[in-house]
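The values are calculated or read from the model by the stated rules, or taken from the named source; none is laboratory data. All values derive from a computational prediction rather than experimental measurement. No Cβ is skipped: glycine too gets one built from the backbone with ideal geometry, and neighbour counts run over all protein chains shown.
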Amino acid sequence: MLGYILKRLLAVVPVIVFVAIFVFLLLRLTPGDPAAIIAGDAATPAQLEKIRASLGLSEPILVQFATWIGHLVRGDLGISLISNIPVTELIGQRIWPTINIALLTICLSVLIAVPMGVIAAWKHRTWADYAVMTFSVLGFSVPVFVIGYIFIQVFSIQLRWLPVQGYTAPGDDFGKFLSRAILPCLTLATIYVALIARMTRASMLEVLGEDFIRTARAKGVGETLVLFRHALRNAAVPILTIIGTGFALLISGVVVTESVFNIPGIGRLTVDAILARDYPVIQAMILLTSAIYVFINLMIDVAYSLIDPRIRY
Amino acid sequence: MLFKTKSFDDAPVVLSIEDLTVRLSGVNDTVRPVLDRISFQIRAGETVCLVGESGSGKSVTSLATMGLLPKGALEVSNGRIMLGETNLLSLSAGQMRDMRARNLSMVFQEPMTALNPVMRVGAQIEEVLDTHMRLSKKEKKARVLDIMEQVHLPDVERIYRSFPHQLSGGQRQRIMIAMALILEPKLLIADEPTTALDVTTQRQILSLIAELQEKHGTAVLFITHDMGVVAEIADTVQVMKHGELVERAPVETLLRNPQEDYTKSLLRAVPSLTPRPERVSKPPKGGPALSVEDLNKTYGSSGWFVNRSTTLAARDVSFDIPAGRTLGIVGESGSGKSTVARCIMRLIDPTEGSVRVAGTEIARLSRADLRPHRKHIQIVFQDPFRSLNPRWTVGRSLVEGPLNLGQDKASAMARARELMALVGLPEDAVDRYPHQFSGGQRQRIAIARAIAMEPDVLVADEAVSALDVSVQAQVLDLLDELQQKLGIAILFITHDLRVAAQICDEVIVMQKGRVVEHGKAGAVLADPQHPYTRSLIEAAPGRAWDFANFRELGALAAQ
């Protein structure tokens, strides 16, 4: 097991290297000159040349790449061209709101969706099942910003239960964090509830047809235990996959929701960086995102073996 | 004494089923019911065997009794199921749950799937106690270990902590039995509990059930399609057909003096353990159709971080099959018989050795070089429900191989129609889909698919094991007939000695990857030399009885 985790962590290295090369080339191959954007329209050729030199853009491309990789290995992601803050620091400030929102969203989604899916499978082809399926189709189809604005309209403006926008760190005031984060999280959760409920239902339907469920019933085990002790754990692997992928998607940035609810997360950081052509930040974000994906996939695979004793690496 | 002869007239009635009728949910009375007014009784200590072909309603009877009919698919429309003084059909869901395991229990067919794969088996037995009584942790464990010892599991402390996949099929079935009997119910329903097990394991499980039944006076409703098992364990036999009880009699009466035509036809279909007479005609001249020499297959590999021990799945296997002859490989699960078949088919690659098909060495050919030689050797698999692509018409499955070899579509289709007739199906079967056929018909299609390639060798891997005996006999006849018409050599893999006796000219017995005995079918089965072969034959249930002729084996000689 430990050997497996080590092997998987080693496998991250080539992925990151590949992504690094890709990002580097992508930015060099896209039309447009960062120096020109920084200098603005009125710049003289001499100014441009100076900026290029300061960015290291006048060096041969291989030298540029070696320099960049050299910095990368030391954990130096460069300095933001716009705010002049080191990129690591910038991400460090902005990643916590995103992580907190993502965690809360996933927890909410799982708590709502899994029981929904279990009940839908248990009450297969009854009104409860159809209700869950209908909700799930709606959850997929309505755009996030629409749901967000509906929630703000209902809970913040009409009922005045919750604040409209903003973010407080949970470390500062947990109650305030919850009251401010609950709407964005519910908004984000809608689509994941739909996804997870559907997957839970499908997976449970399959497991409920298995022989050992019949065995459990033949022992006189009650329905709740049949569902949650016997069926759910056996149905968990595909559900977990969806949850993991969802979490990775959430962490890599939830642009629209962060904008609608004015949360200072990395989703907005990325969009701002793209709009301003802040290359070091864009590069760092792409690298970070791919690392998060690889890491979360590893976590999911490890979790499989904890759930199912037959899975051994 | 051949059969059990004890009378149960004085024993109290445990289960009494009266006029039980089960229908498909949501259909009216004009549709034929799945179970039609079934009535019977089981007394304390008695074993009643319910026999019949698939679809006869055996399992539905047992599930109805347990209250486990699939919801929304089947429902009881009439009758009573009396357990002692209680009508089980009048109980609420909660009361019925309370009855299960405490008063009536069930053991299922597939020990591989009947246990929860993610729970330790000890916890699964304990769950029965948790459901029905309150005990301290210590008492619970003591009772579980006690019942595990009663079902003769070795090293109970270790097995208590094991997961199902770490146990053998026989051990898992023992766990199931422990679970069913820990609360000493009055009635045990066993639904084909030994069908998925090897003969030697089957024998142990049968005697275990008998032993515990004796000890606790349990009434047993035993569902099976195997007449050999019936002869071994039944007090009373009931024959079912299309949801009706057609005959009920004490076991000896039923086997010696069957009254109904259906019962007679069931018994006649049971293949005899006596090998068929040796064929007199000489096999045609020329080299063997299939020749295997020193075949070895080793599983297991070592990678960067894994280091598994290797398993010898087949060791030094050698044999020849002449054209027009049948060689059987018999053995229990894990003996390596399927490994040999797959190596010969090159579905897996042999580690060492030579496989010559129609004179060509194929053991070392690359995938690409092998392709033109595939036509010479074809396989029929065990489960006809899974071996045909459900979304393809039968015709499309049949012509795929010939088209790959460059035949044109029209002539391949014409040939497919001929093949349908050859295997005893209507020609328009080519336009239909596999789900429109019964298991026996599908196996005919699978055979037609194999011979569409005009092979020299046909490998039949447990090809009749999933079929009812009457259908089994028909498929065996078909194989025989095709062999005579087309002169194919057949490699027949089976765990069933009766089947091997009926179709094979020569037999190989395998154990743990090795060939332990190899000879003419008559010699191996009538006069086994190796102790393992002998133990296999001794474990075959009902081996002293000649089912097809309703008398003891050897009675013919005595006449």
*Counting just the residues of segment B:366-423 that are of a type in the set (Ser, Thr, Tyr) and in a helix (DSSP H, G or I), which one comes out nearest to the chain's Cα centre (by Cα)?*
B:Ser397
_Residue among A:Ile16, A:Ile69, A:Ile38, A:Ile79 that is touching a residue at least 12 places away in the same chain (Cβ under 8 Å) and either over 22 Å from A:Thr289 (Cβ atoms) or assigned by TED's automatic domain parsing to the domain that holds A:Ala276 (or both)_ = A:Ile38
_Matching residues in segment B:121-156 - criterion: being touching a residue at least 24 places away in the same chain (Cβ under 8 Å) and of a type in the set (S, T, N, Q)_ = B:Gln124, B:Thr131, B:Gln150
*Which one is nearest to the other protein chains (Cβ to nearest Cβ), of the residues in segment B:30-69 that are in contact with an Asp or Glu (Cβ under 6 Å, 6 or more places away or on another chain) and under 18 Å from B:Glu260 (Cβ atoms)?*
B:Glu53
*State all residues of segment A:159-209 that are outside any helix (DSSP H, G or I), among the acidic types (Asp, Glu) and under 20 Å from A:Val114 (Cβ atoms); if no residue qualifies, say none.*
none
*Single condition B:Tyr160 does not satisfy, out of (1) surrounded by fewer than 21 Cβ atoms within 10 Å (Cβ to Cβ); (2) touching a residue at least 40 places away in the same chain (Cβ under 8 Å); (3) within 27 Å of B:Leu15 (Cα to Cα)*: (3)
*Among (1) in a strand (DSSP E or B); (2) among the hydrophobic types (A, V, I, L, M, F, W, C); (3) in contact with a helix residue (DSSP H, G or I) (Cβ under 6 Å, 6 or more places away or on another chain) - the single one B:Leu20 does not satisfy*: (3)
*Tell me which residues, restricted to segment B:321-335, are aliphatic (A, V, I, L, M) and either outside any strand (DSSP E or B) or without any contact (Cβ under 8 Å) to a residue 12 or more places away in the chain (or both).*
B:Ala323
_Test of understanding: among A:Thr241, A:Thr200, A:Thr257, which residue is farther than 21 Å from A:Val146 by Cα, away from chain B (no Cβ under 14 Å) and touching a residue at least 60 places away in the same chain (Cβ under 8 Å)?_
A:Thr200
*Residues of segment B:108-122 satisfying the condition of being surrounded by 24 or more Cβ atoms within 10 Å (Cβ to Cβ) and part of a loop (DSSP other than H, G, I, E, B)*: B:Phe108, B:Pro111, B:Ala114, B:Leu115, B:Asn116
*Working only within segment B:168-204, note down all residues that are within 12 Å of another protein chain (Cβ to nearest Cβ) and either touching a Gly at 6+ places or on another chain (Cβ under 8 Å) or modelled with pLDDT under 90 (or both).*
B:Ala196
*Here are some conditions: (1) more than 14 Å from chain A (Cβ to nearest Cβ); (2) in contact with a Lys or Arg (Cβ under 8 Å, 6 or more places away or on another chain). B:Gly72 meets all but one. Which one does it not meet?*
(1)
_Looking at B:Gln382 and the list (1) modelled with pLDDT of 90 or more; (2) crowded, with 17+ Cβ neighbours inside 10 Å, which single condition is not satisfied?_
(1)
*Select from segment A:203-238 the residues that are surrounded by fewer than 17 Cβ atoms within 10 Å (Cβ to Cβ) and touching a residue at least 24 places away in the same chain (Cβ under 8 Å) and list them in ascending order.*
A:Glu206, A:Glu223, A:Phe228, A:Arg233, A:Val237, A:Pro238
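Every residue, every condition in (1) more than 14 Å from chain B (Cβ to nearest Cβ); (2) at pLDDT 80 or above; (3) buried (at least 18 other Cβ atoms within 10 Å of the Cβ), yes or no:
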{"residue": "A:Pro264", "(1), (2), (3)": "yes, yes, no"}
{"residue": "A:Ala276", "(1), (2), (3)": "yes, no, no"}
{"residue": "A:Ile282", "(1), (2), (3)": "yes, yes, yes"}
{"residue": "A:Ile311", "(1), (2), (3)": "no, yes, no"}
